[in-house]
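The values are calculated or read from the model by the stated rules, or taken from the named source; none is laboratory data. The structure presented is a predicted model; accordingly, all values stated were derived computationally and were not measured. Heads up, the Cβs are rebuilt from the backbone with ideal geometry, glycines too, and the neighbour counts pull from every protein chain shown. All accessible areas refer to the heavy atoms of the entire protein, side chains included, with ligands and DNA or RNA removed. Shrake-Rupley method; radii C 1.70, N 1.55, O 1.52, S 1.80 Å.
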Amino acid sequence: MNGAIKLGCIADDFTGATDLANNLVRAGMRVVQTIGVPGHPLDTEVDAVVVALKSRTIAADDAVSQSLQALRWLQSQGAQQIYFKYCSTFDSTAAGNIGPVTEALMAALDCDFTIATPAFPDNKRTVFKGYLFVGDVLLNESGMQNHPLTPMTDPNLVRVLQAQTRGKVGLIDHAAVALGEAAIRARIAALKAEGVSIAIVDAVSNDDLLRLGPALADMPLVTAGSGVAIALPANFGLRPTSRAAALPAPEGLRAVVSGSCSRATNAQVAHFIAAGRPALAIDPLRIAAGEDVRGQALAWARDKLAGGPVLIYSTADPAAVKAIQGRLGVEQAGAMVEQTIAGIARGLVELGVRQLVVAGGETSGACVQALQIEQLRIGGQIDPGVPWCHAASPAAPQGLHITLKSGNFGTEDFFTKAFSALQP
């Protein structure tokens, strides 16, 4: 690598990493996303690196260990500031992992104060008086209360984070944020004097995030969703440029695989089917019964791919998901479906798919691992938080375009417009 990276990022899942990278690219940074912690120095010159972990729902001690390993590698690359990225719905298990990872990174960086805010107004995630809203409703009314792995039933982020941390959690409310950098810095000083080590920050618009950004310039560690990323490149003297998002020209067949059961993805699956495009539902009970669901899905897709994008999905409504979990167990059902869809994604690429949309955070993690992708170059945005990327895989040595969509992100027509967005 020709120069030290400016911003070193640690993300707790793969779609979240891409979401963060997307916002950094839009703000002018050249960004590479790695899948896991690299075993070697970076071999290309970029402004930021996002290390994507699959640590959101694992045991807190394991999440801490992996995050500290990522930190050490980023420090070895000269990272000037560290960014711990979590979901814009602030979801994790009751015992973590946002709090434990944040405090471990603070200790390693000798950092006595940091902020926390999942606000991402472009995707209708806002924080006011410490409460997280998804669109016009509180987090616990948004559908996240039904999440199969990380149900969120409390929208008060100070309370949620305090339950996960040893240090004191406070709030930088909108009254301070609205006044800009000086008022934010004054509020930080006051909180530190009160013994607060982490502060939730209100933000209801991009203007709030842009006011917050300069106040974070000298903070060793920033923790947030991807929204704050729009304000950080300017601290390093960077401005938006189309060159940051340049990717190779697209080619090959097109496909979508979906494992997310979020409201947004359910609507996207329904839209794709209503448009008359070929779609195949995966039945977890048939997987559990030992049927070759992967082979059947690939046989179904083989003759249809030439006619345009196909969709293979396990997406279902909350009632259906709970019924399946009741029969198979929560963890077994999730892992089984993820691995099947990941195997299908690998098979689709082996059939010539070179433009692949993956929906769902856990599904995306399984798919990039099945494709043995180690690094992603981040390109242009399809919808807020979701860019196209380019990556090499043993199944596609010359590379493929792939997008990793968080389950909650994207408009109803996302699966169809994604491919149009990739065209020159």
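Surface exposure of segment 247-422, expressed per residue as accessible area with a 1.4 Å probe, stands at 38 Å².
The equivalent ellipsoid of segment 7-239 has semi-axes of 24, 21, 18 Å, largest first, where each one is the square root of 5 times an eigenvalue of the Cα gyration tensor. Between the amide H of Val51 and those of Cys9, Ile10, Ala11, Thr34, distances stay under 5 Å, these residues lying 5 or more places away or on another chain, with hydrogens modeled in the peptide plane.
Holding the Cα-Cα limit at 19 Å, pick out from Lys85/Lys124; Lys322/Lys405; Lys124/Lys405 the pairs that are longer than that. Exceeds cut-off: Lys322/Lys405.
Overall size of segment 247-422 from C-alpha positions, given as principal axis extents largest first: 45, 30, 30 Å. Derived scalar couplings between HN and Hα for segment 142-154 equal 8, x, 5, 5, 9, 4, x, 10, 10, x, 10, 10, 10 Hz in order, rounded to whole Hz, by the Karplus curve 6.51 cos²θ - 1.76 cosθ + 1.60 (θ = phi - 60°), x for Gly and Pro. In the complete set of protein chains, residue-level accessible area for Thr363 is approximately 10 Å², probe 1.4 angstrom.
Summing +1 for each Lys or Arg and -1 for each Asp or Glu, what net charge is found among the other residues whose Cβ lies under 14 Å from the Cβ of Pro240?
Working: positive: Arg26, Arg30, Arg239, Arg243; negative: Asp47.
Residues near Pro240 contribute +3 overall.
Charge tally for Leu298 (other residues, Cβ to Cβ under 12 Å; Lys, Arg +1; Asp, Glu -1): +1. Nearest 0.05, what FRET efficiency do Asp154 and Ala59 give at R0 = 22 Å with Cβ-Cβ as r? Once rounded, the FRET efficiency stands at 0.55. Per-residue 3J(HN,Hα) values for segment 106-111, derived from phi via the Karplus relation 6.51 cos²θ - 1.76 cosθ + 1.60 with θ = phi - 60°, read 4, 5, 5, 9, 6, 9 Hz in sequence order (x marks Gly and Pro). Rounded to the nearest 20 debye, the dipole size of segment 7-239 about its Cα centre is 140 debye, using +1 on the Cβ of Lys and Arg and -1 on the Cβ of Asp and Glu.
Counted residue by residue at 0.36 nm each, then reduced by the alpha carbon distance between them, the extension gain from Ala281 to Ala190 reaches 27.3 nm. Counting only DSSP H runs of at least 4 residues, each contributing -39500 (n - 2.57), and dividing by the residue count of the chain, the helix-based mean residue ellipticity at 222 nm comes to -10500 deg cm²/dmol. Charge dipole (Cα centre; +1 on Lys/Arg Cβ, -1 on Asp/Glu Cβ; no other charges) of the chain amounts to roughly 460 debye.
Estimated at 0.36 nm per residue, the fully extended path between Trp300 and Lys124 surpasses their Cα-Cα distance by 59.6 nm. Legend: residues Thr34, Thr126, sorted from most to least accessible area (1.4 Å probe; ligands, DNA and RNA excluded), read Thr126, Thr34.
Quick check on the chain: of the DSSP beta bridges with both residues there, what percent are antiparallel, nearest 5%? Each step should come with its number before you reach the end.
Numbers: 21 of 68 bridges.
DSSP beta bridges in the chain are roughly 30 percent antiparallel.
With the alpha-carbon atoms of the chain aligned to their principal axes, the span from lowest to highest coordinate is 65, 49, 35 Å, starting with the largest. Per-atom-type breakdown for the chain gives carbon and sulfur 50% of the accessible area (1.4 Å probe, protein chains only).
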